[in-house]
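Asks: Have a look at the structure that comes next, please.
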């Protein structure tokens, strides 16, 4: 379980960096009105999507099998958890699932468009919202310990 926790923690840095790069790339693409290229833009967005999904699967495995996930809800009940326990057991997984759904919507929507500016807007909006949600529910106090 500790190995899975470490993978989840270190992969989070990579996913956050890629999300930031994908959003920044999409914003600059919109502002500069450039073409959406297969070599750079498509691959960056796709790799970000794939790694964020892998991160979610690892997180869900941790949630299901760790003491701070599903078993905390089962043992303590929703009313018995303090804010730190509730963050890990409820808020972090729920909001991150929502974030990955938004990222997936952004990826799916971008494929419908032919125009580069619309593709970039879809990536910028939905990946950006996903990034904001993820940043809002990271257990910062535990992450840097």
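Asks: Nearest 10 degrees is fine. How inclined is helix 116-136 to the longest principal axis of the chain, computing both from alpha carbons?
Replies: 20 degrees
Asks: In addition: In whole percent, what relative contact order does the chain give with Cα contacts below 8 Å and a gap of six or more residues?
Replies: Relative contact order of the chain: 33 percent.
Asks: Classify the chain: rounded, prolate or oblate, from the alpha-carbon gyration tensor (a ≥ b ≥ c, eigenvalue square roots; a/c under 1.5 rounded; otherwise prolate if a/b is larger than b/c)?
Replies: It comes out prolate by the Cα gyration axes.
Asks: Could you let me know the centre-to-centre spacing of the range 21-41 and the range 43-95, using Cα atoms, in angstrom?
Replies: Their Cα centres are 31 Å away from one another.
Asks: Here's a follow-up. Taking other Cβ within 10 Å of each residue's Cβ, how do 10, 42, 127 sort, fewest first?
Replies: 10, 42, 127
Asks: Moving on. For the residues 76, 62, what sequence is obtained by ranking on other C-beta atoms within 10 Å, fewest first?
Replies: 76, 62
Every number in this text was worked out from the coordinates using simple rules, so none of it is lab data. The structure presented is a predicted model; accordingly, all values stated were derived computationally and were not measured. A quick note on method: Cβ atoms are made from the backbone with ideal geometry, for glycine too, and the neighbour counts reach across all protein chains shown.
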